[in-house]
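Just below is one structure, and these are the notes that go with it.
A short reminder: the numbers here are calculations on the coordinates, not readings from a lab. Remember, predicted model here, so these are calculated numbers, not experimental data. Neighbour counts run over all protein chains shown; Cβ positions are idealised from the backbone, glycine included.
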Amino acid sequence: MPEPGGRRERTRHRFLEAVDELPLLAATRHGWAELAADRLPEFLADHAVCEQQAALFGLNLVAHYPADAALVDAMTALAAEEVAHLRRVSQLLHRRGLQPSRRRANPYVQGLHERIARGSEQRLKCDRLLVGALIEARSCERFTRLLAVIADRDAEVADLLFDLGPAEKRHWVTFHRLASREADPESFSRRWQGWLEHERDLMDSRGIAPTVHG
């Protein structure tokens, strides 16, 4: 029977390879993963807040577009998964005697929302979904890079990240697919590229705090 450690190592490498499949134009700043690993209580407390906000974001989209059956189905499923993640992180915090953070401003997410188009309802909907895609893609990248550092330090957190990395990957693909349905492919490609460049620029000032998007 293969050793658990060997399986964990293979899984870690597979997740690191998956980072190369993400659409992001910039990698997280070198040193962030070590910082988050050294200050895990802060990372985990912030992570719980992020899971709560992710679930609320999905349900907010349902409230905005209740007639879009495909969106409603995808976002309610996503919200349910995010709530399950929130419960898991909250239980981990409780076992360690740690408290989750209160809801707080997220400068990274705010920087994305500031670029959302407000004129056309079609562009507004597309941009909201693309913001979701970027947040999930960056979360996938962050969790995967942290996993590479934490795998041999904290088995419980490593197991959590093993599950969450692939989930965030599925989520960004779902947001991107939903956003592309109602747009001309060439126009959508240009819009997505603009968003990727904006996200890259936002990352210039990130990677200095032990939080999911810090």
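Quick notes
- Ranked by how many other beta carbons lie within 10 Å on average, peptides 188-194, 178-184 from highest: 178-184, 188-194
- Expected 222 nm ellipticity per residue - DSSP helices of 4 or more, -39500 (n - 2.57), all of the chain, to 500: -25000 deg cm²/dmol
- Angle in degrees between helix 121-150 and the longest Cα principal axis of the chain, rounded to the nearest 10: 10
- The GluC sites (Glu not before Pro) found in region 72-173 that occupy coil by DSSP, while having at most 11 further C-beta atoms within 10 Å, are 114.
- Gyration tensor (alpha-carbon) shape descriptor, region 126-214, a/c threshold 1.5: oblate
- Taking all Cα-Cα distances within region 61-214, those exceeding 28 Å account for 25%.
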